[in-house]
1. At a Cα cut-off below 18 Å, give the lysines reachable from K120, other chains included and same-chain residues fewer than 8 away excluded.
2. K179 to Q54: FRET efficiency via 1/(1 + (r/R0)^6), r the Cβ-Cβ distance, R0 45 Å, to the nearest 0.05?
3. Using a cut-off of 12 Å between alpha-carbon atoms, which aspartates and glutamates can reach K188, once sequence neighbours fewer than 8 places away in the same chain are excluded?
4. If you plug each phi of the stretch 32-40 into the Karplus form 6.51 cos²θ - 1.76 cosθ + 1.60 with θ = phi - 60°, what whole-Hz ³J(HN,Hα) values come out, in order, with x for Gly and Pro?
5. So how compact is the stretch 166-207: Cα radius of gyration and Dmax in angstrom?
6. Enumerate the aspartates and glutamates that K170 could reach by cross-link, defined here as Cα to Cα under 19 Å, with residues fewer than 8 away along the same chain left out.
Amino acid sequence: MERGHSFRIILVALVIVLFVLSSRYHRTTDSLSLCEEELAEFEDEISDLSRYLQRIEDEYDDIQDDMEDLESNYSYLESRYSSLLERNIATHVTYEEVQQFIEEDNTSQGTESEFDYICKDFSDDMINSAYNEGIFACEVGLWVQEDGQGDPVPGEVKGHSLVAFNTSDKGVVFVEPQKDIFIHELSKGDDYCELVGWNCQWRIEYIKHCFL
């Protein structure tokens, strides 16, 4: 009887121990699962931070590139300005002086190679010619949309180049170097072809020049 009683006590004790161990095992397993979930969330956060850091580095590189471009442009403008001072170039001339220069300038005659000579070539030649005469001028960049039926690709946005002079009495005036035509006002939405008398329809979308 005593052996049987002792055996039952041992059996009950083992059951209790197994129950306790099982409970601890489940708690440990739950804790481990929770840790794994938290670790996964932590890894996701690290991944997000890594992507964010990469974006910051890319933006920093872009800013560095922009800074280098600005420094390069500044150096060019500084050099150009010094050259203008050395040559005593007039940055503000009268409207009459510009008119006289255009009358004497032969830029609008272009070159014999008509197909290779584009609007920018005309503008560059007129600007250089003005520079040689002691007059400061700069290129005007236009973005125009072709609206006319006679245009090669109606609706296409294209670029065009002309010249600007900053006069002391009439402000900024524009000149179409291919025809020596003066334009006193140039605004977005204007039909450039109408302003210069060409048989087309170019609606101005954007204007850029050094006197803006």
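Computed from the coordinates by the stated procedures, all read-outs in this text should not be read as laboratory data. All of these numbers come straight from a predicted model, not from anything done at the bench. Cβ placement follows ideal geometry from the backbone for every residue including glycine, while neighbour counts extend to all protein chains displayed.
1. K158, K179, K208
2. Details: r = 53 Å, r/R0 = 1.18.
Rounded to the nearest 0.05, the efficiency is 0.25.
3. E205
4. Here the 3J(HN,Hα) series is 5, 4, 4, 4, 5, 5, 5, 5, 5 Hz.
5. Here Rg and the maximum Cα pair distance are 10.9, 33 Å.
6. Correct list for K170: E96, E97, E103, E139, D180, E185.
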